[in-house]
Structure formats: structure tokens, C-alpha cells
């Protein structure tokens, strides 16, 4: 697409944004909506419309090459992202759930795909006839080609006078040709893998795309390269213009500033009877005298600053030690708690190196959020209307990870604008992709990964002093090198109700007190997120665990739609070919009690190099995967029930349960009143 297309898209997004702001900020204040359903419908409508604008602005920011336009776009984009996160927080408070289903809102906004028109009987018969004629034509062409090839081979044999080979010679010839074919095929596969490893071949996923799509992708990549070139030119121009401005107008500016300073000294002497001291560099030096003023005008702001400076000078000359102490105490109360620097003499590089050598700071795996595949829940609103709580889908989980982690860590401005979220807990059965999501967050945001799992801290930084030093170093480096993700695997061990006998020596509860304290020191502008993962959260003290983790996302086993998409994605990822002989629907149905990790393990075990070579003659079938899948331990219903019961004891679960009970009691009371009236 051309630049005009993205400019038009930007203008349309601005118009939509103005309409939304007009609805949210009317001339007369809106009345408070008391009905939860109507309030959620309103919030969900705003959320979806802002999300549409966000995607449009994101596309414009990704493809527009003008540096100044991209700066303006970035400010607008940050504001829209902040509003989306605010609406997400309001929806959670309204619906008392981390997962939302907006099927009815999507239909109202006409964002669902239009239904396909029904095909007439005559058109259907014509399509079947055309397909059958094409099939017969292909078979006849193949048959005739084989006949001509045999006739040509016989003619050449007659002309050359070659004799017919006996059975032994024919077998030797066939073996020689077949071995050569196998050798060439293996050599070709090895060469393709080598070329793919060094990045000299195109992505296999893109080979099946059309020429138009490939051209569009190349155009997008070319625009991104031009963005970098134009940005470098823009920054260089800023430096050269600034230097030229200083060279031409610098002397006049210095004289004007000197004149203003002289005027300041004279007026201060007239007010106080003596010349004041020059402001310290810590306070900003002379820069505090030129805030919101022109060199020709000394306004009331300057007089206020002069008065404050006078009071500050007199206070420094005559205040007592006791007054100093009380002022420091007041500042400490106003500023909140401040962490004492335990490593004032150490450089950031030395702290970073020590954490790497100790295995605390790790390299995150290159996993994108799109690799966490699945599908949406399409009947969420219908089920909730019927009083059934739907199971969150993989895409619902992925959306929450993007909102709570990736958007906040990815943008400093959004981190300041959005509601504060310092910690997130991912709780669910083993193999549902919790650790994968942690690495995906680090990959998408470029964040550093700190591993504070209890198993990783065994034997490291012993004693109370060692633990204090560890927490200080981790959070100090995390803030200085933000964005950062602090990961706690098996998070339930930190808050065990009762430590098992076999784990007492490892002391898994070392971080029980220091971890919440360290979180309190984080400021809204710190792009540091604590992410815990747990497959047995019910083994921990609920109050202590929920005190450390503000947001709790329950990750269940995947539903049918997500399993179907996952099977397809993993088979293609590891080189498999899906043919009619492979019933993916049967795989999705029969793998009901298994997680994504079980599916991935089965696919890897089946699709070996030898099996990939056999696929052309022996297509894949569902039985191969099911045999290996049956050897894994499934997710039992008792485990899911324990997780659901545990979640209902979390703060948000308690509030939702209470709201459901109040709604049920209210309906029962109304029913009794109606019966009494009758």
C-alpha cells in the first residue's frame, strides 16, 4: 500500500477517536448505570472500538516512514493503549472476572463475519460436474503421458540395438538408481537445513503464499528499512540545526540571559536587602529562573521564586539541627519508603555478571506470543446467560497476557498511564503453557528474565544477609535495565501451608517476607513485572499468595477448538503433512484430557527424520499420535475441581461468588413477593 493509504487510515482513526471522546466526555454528565449487564455492555463496546482504533494506529505507526508523523502517532498510540487498559480494569471490576465474552457486542457492532449466501441446487450440480470433468481429464492426461513415455523408451531401445536385461541385472540397476536417489534426497535435506540455519533460504511458511502477498510483505519490510534511514537523518538534522542555532544566535541569547540574571539580583536585593546565593546545581542552577518566562519579562512567578529562595537561604543560615531532623522526617513521610543501597560502590556490569554466573539472570527462549496457538470461545455470552461459567479459551488467556504484561512492559508511557499491575500469577495444570507465556513476554518486549524460583535458589546467597543482598541486586538491576520480568516458578512453594519433609532442607519459603516488601518499592514508572507460575496453587496459603500477586489468571486445559488448531500447527511446525488420511478432528476429540505440552511431546516423538522421509508413501494417521499420547498422564477432573475451588477462595473469586449469591437471593425474594400478591 502507498503512503496515502496509511495517511487516510490515520485520518479515519482520528475521526473515530474524536467520536469516542465525544461520547465519553459529553456536555452534560452521564448518569451512573446501576445494572451490571448494561454497564458491562457499554464498557465492552468502548473496549472493542478502542481496540479497533489501536490496531489501525499500530499499522500506521509500523508503516509510515515520516519521523515527525511517527512521533505524533506514538503519543496518540500510547494514549489509546492506556485507555484500553483502563477499560479492561473497569470490566474486571464490573463483571468480577478476568475473562470476558463479548459475542453480543460483536454482533451489535457488526464485527462478525457475514454469513455465506446459500448455493442454489443448479449451481451446486454445475460445480460438481466441473470438478468431475477436471478429475477425469487429469487422469486421462496422466495415462496418455505414461503410454507415450513407454513407446518412446521402446523406440530408443530398438534404435540403439540394446538387449533386454536379465532379472539380476535389472535388480542391480534398480538398486543403483534407488540408492542414488536416497543419497541425493538426504544431501538435499541437509543442504536445506544448513541454508535455513544461516538464513539463506526463505521461510518455509511463506512458500505457500501468493505472489501478491509476498510483494506486500517485501514492501512492508522495505518501509521498515526506510524508517530506520529517515530516523537517522532526522536525528542528525536535529543536532546540526541545534549547533547552527547556537552558533548564530548563541551570543545574543547569552547576553539576554545575563541581563535577566542581573535584573534578578537587583530585584532580590531590593526585596531582601542583600544579594542571594546562586541556586545549587542540585536544584537545577540558573535553569529554574527561566521556567515559563521570557528574558524581557520578570512576572509574578519570578517574585514567588525569589521569595522561596529568600526563605530557603534564611532557613539554611538559621535553622537548628533539630529542625533539619524534623524536615527530613517529613520528607521521608511524604516520599514514602526508600530502599537503602547495599551496593553503592559496585557498577551495573559487575552486578549483572554476578547474577548471570549465579544462574539468576537467564537468557529467555525465543518464543513469540503467536506460538501459543488456539481458538476463541464463541458461546461465552450464551453460556453465561444460561448460568454456566464458560471455560476460558487459549485466545482469552493470550489477550490477558498482552494487556497485563506486554503492553505495560513495552511502552514507558503506557506503564505510567495504565492502572498499576506489579505482579501476575499464572495457575493451571502442568503442560498448559505457563512457562511458555513467560518466555513469550520476554521475547515480545525485549525484557530481561530473572529466575527467583525456589528450586533455582537452593544453596545460593545463604542466610538473612545473603537473601537481602540477592533481592536488592535483582530489583536494582531489574529497574536499571528495564523492562524486566522476575519469574517465580512453582510459586506455591514460596507460600507453602506446610513444607513437605523432603523439601525442608531446600527452604522453599525463603522469599515469603522479602518478596512482598520488594514489590512495594516498585514505582508506577518502573517497567518491572513479577510473574509466578504454579500448577498446585492450592498447596499455598491463599491470603499470602494473593497478597503477593495482584492478578491471578486461571489457565485450564484447552477446549476442542484450541486442540484442533494446536494439532494442525504443531504437525506443520515439525515438518508433517496433513492429508485426508489424517483425521485431525478425531485427534482433537480423543485428546480431550491432555494439555498442549502432551500434544507437543507426542508430535515430536512421531515426526522423526525417518518418519518424515516415509510420509510420501505412508501418510500420517491419527493412530500414530494417539499411541504415544496415551502413555502420558492426563489432566484428571479432580485436579480441575481443586483448581476451581481454590480460585473461588481468591479475592476476585470471593467477590464473584458473593455477587452470584446476592443475585440468586434477589430473584428468589422477587418470586416470593409475586406469589404473595397472587
Taking only C-alpha pairs under 8 Å that are 6+ residues apart, what is the relative contact order of segment 536-593 in percent?
37
Which whole-number percent gives the relative contact order of segment 464-534, counting Cα pairs below 8 Å spaced six or more residues apart?
51
Stretched out fully, how many nm does the piece from residue 69 to residue 167 gain, at 0.36 nm a residue minus the Cα gap?
27.5 nm
If you bin every alpha carbon distance in segment 395-467 into 10 Å steps from zero, what whole percent lands in each bin?
16, 42, 27, 15, 0
Two-site label geometry, residue 366 and residue 142: point separation in nm, points 7 Å out along Cα→Cβ
4.0
If R0 = 25 Å, then residue 497 and residue 388, at their Cβ-Cβ distance, give a FRET efficiency to the nearest 0.05 of 0.20
Using a Förster distance of 41 Å, how high is the FRET efficiency between residue 349 and residue 36, based on the Cβ-Cβ distance and rounded to 0.05?
0.15
Just the Cα atoms of segment 348-554: what Rg and Dmax do they give in Å?
17.4, 59
Calculated FRET efficiency, residue 265 and residue 245, Cβ-Cβ r, R0 22 Å, to nearest 0.05?
0.20
Taking square-rooted eigenvalues a ≥ b ≥ c of the alpha carbon gyration tensor, is segment 560-638 rounded, prolate or oblate, where a/c under 1.5 means rounded and, failing that, a/b exceeding b/c means prolate?
prolate
In terms of the Cα gyration tensor, with a ≥ b ≥ c the square roots of its eigenvalues, is segment 429-539 rounded because a/c is under 1.5, prolate because a/b exceeds b/c, or oblate?
oblate
For the ranges 401-409, 44-52, what's the packing order if you count other beta-carbon atoms within 10 Å of each residue, average per peptide, and put the highest first?
401-409, 44-52
Along the principal axes of its C-alpha atoms, what lengths does segment 476-621 span, in descending order and rounded to whole Å?
62, 39, 29
Taking a crude spin-label model, label points 7 Å out from Cα along the C-beta direction, the residue 125 to residue 236 distance in nm is 7.2
Tell me, what does the Kirkwood hydrodynamic radius of segment 1-109 come to in angstroms if you use every pair of distinct C-alpha atoms?
15.3
Calculated over segment 444-487: convex hull of Cα atoms, volume per residue (Å³)
57
Cα-only Rg/Rh for segment 604-647 with Kirkwood Rh rounds to 1.29
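Each value in this text was obtained by applying a stated rule to the coordinates, not by laboratory testing. It should be emphasised that the depicted structure is a prediction, and the values quoted were computed from it without experimental measurement. Ideal geometry is used to build each Cβ from the backbone, glycine not excepted, and the neighbour counts take in all protein chains shown.
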